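Here's the structure we're looking at; comments come further down.
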Amino acid sequence: MSPDQFRDERPDQLRLDHTWAAELTGFLRLQLDGAPDRDEDDPVGAVLVAGYLRDLGLLGAVTGMAPEEIRDLWRRSVLFTTVAFRIRPGTDEDQSLANSRRGLEGMELGLAAGALDVVRNLAWLVEDPPGASYLGEDSVVCTTEEQLLAYATRDLVLGNEDPGHWLARIGAPTGAHALRTALLAALARADAADARWLCEEIHREYLQRIAGEAVLRRLDDCVDVPSLAALVLARHVGLNLTPDQADPWLPLAVAGLSTRSEEVDR
């Protein structure tokens, strides 16, 4: 089933719990009103503010916020995430604040906003300390697979040599990571055909997940951030994977992208 068919099965507007959205928006704005500045020596506060900014942008995508405002919120979120990585306290427990899964999520959010400059600044800092106790196959903080996905994404962003070697170490990726691992490998070898198909498959899985919801009340369902990030990362490595038609679940304008048909018209 194509993404177009999924969209046809759902209303033009998201079936949003407006009370939930309004209450959460109010809460997030209240938290940001008293948020610390980025120059404060507070990694925990920086992580919290990064999350508030991210979530406010996700809500904005389904409540009519302008793309440039969403882009600014996500850009600022990555800047606060970068603060946490730069401070990186000395204890192992505190080091986990700057784990590579958080780095991956920050890089993807920045890519989804088309903010490659701040993504590069974060990418330089994405590295787990040797023997970190929070890493593991079943870790709730950061799994080994997530670490290797983060390192491959980092190296693609920075243009480092052979980012695919991290992916080869994953072996047989599991669950949701399988398609993302394959997509990053396709980007690493500049395989446009495979990368396009894999990006479509990742987005199709997202559409399948939200298609069964009666009411949208999960922030991660508001926007397909990983797919949007993949389109920008592909453009960064020289591949144009943007779709032919606009998709309300994939707000290209937030990332500063256009559909291929719009590019041709220009």
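Compared with the alpha-carbon gap, the fully stretched path from residue 23 to residue 117 is longer by 30.5 nm at 0.36 nm per residue. Rounded to the nearest whole Hz, the Karplus-based 3J(HN,Hα) values (6.51 cos²θ - 1.76 cosθ + 1.60, θ = phi - 60°) of the stretch 151-158 follow the sequence 5, 5, 4, 3, 5, 5, 4, 8, with x at glycine and proline. Using θ = phi - 60° in the Karplus curve 6.51 cos²θ - 1.76 cosθ + 1.60, the 3J(HN,Hα) couplings for the stretch 109-124 round to 5, x, 5, 4, 8, x, 9, 5, 5, 6, 5, 4, 4, 6, 4, 4 Hz; x is entered for Gly and Pro. Can you check what the net charge comes to around residue 110, using other residues whose Cβ is under 13 Å from the Cβ of residue 110 (Lys, Arg +1; Asp, Glu -1)? Net charge around residue 110: +3.
At an R0 of 41 angstrom, the distance between the Cβ atoms of residue 168 and residue 218 translates into a FRET efficiency of 0.80. Amide H to amide H, with H built 1.01 Å from N, residue 16 comes under 5 Å of 216, counting only residues 5 or more places away or on other chains. For the stretch 54-199, the Cβ-based charge dipole about the Cα centre amounts to some 320 debye (Lys, Arg positive; Asp, Glu negative; other atoms uncharged). Relative to the current alpha-carbon distance between residue 40 and residue 160, full extension at 0.36 nm per residue lengthens the span by 40.1 nm. Extending 7 Å from Cα along the Cβ direction at residue 138 and again at residue 30 yields two label points whose distance is 3.9 nm. With a Förster radius of 25 Å applied to the beta-carbon distance between residue 178 and residue 253, the computed FRET efficiency rounds to 0.25.
Counted by Cβ distance under 9 Å from residue 186, the other residues give a net charge of 0, where Lys and Arg count +1 and Asp and Glu count -1.
Relative to the Cα centre, the charge distribution of the stretch 137-266, modelled as +1 at Lys and Arg Cβ and -1 at Asp and Glu Cβ, gives a dipole magnitude of about 140 debye. Working note: Karplus 6.51/-1.76/1.60 with θ = phi - 60° gives the stretch 175-187 the couplings x, 5, 7, 4, 5, 5, 5, 5, 5, 4, 5, 5, 5 Hz, where Gly and Pro are set to x. Between the labelled values (i) 136; (ii) 157; (iii) 201, the entry that holds volume of the Cα convex hull per residue in Å³ as derived from this structure is (i).
Laboratory data are not the source of any read-out in this text; all were calculated from the coordinates shown. Given the structure is predicted, the values throughout are model-derived calculations rather than measurements. All Cβ positions, even for glycine, are placed from backbone atoms using ideal geometry, and neighbour counts span all protein chains on display.
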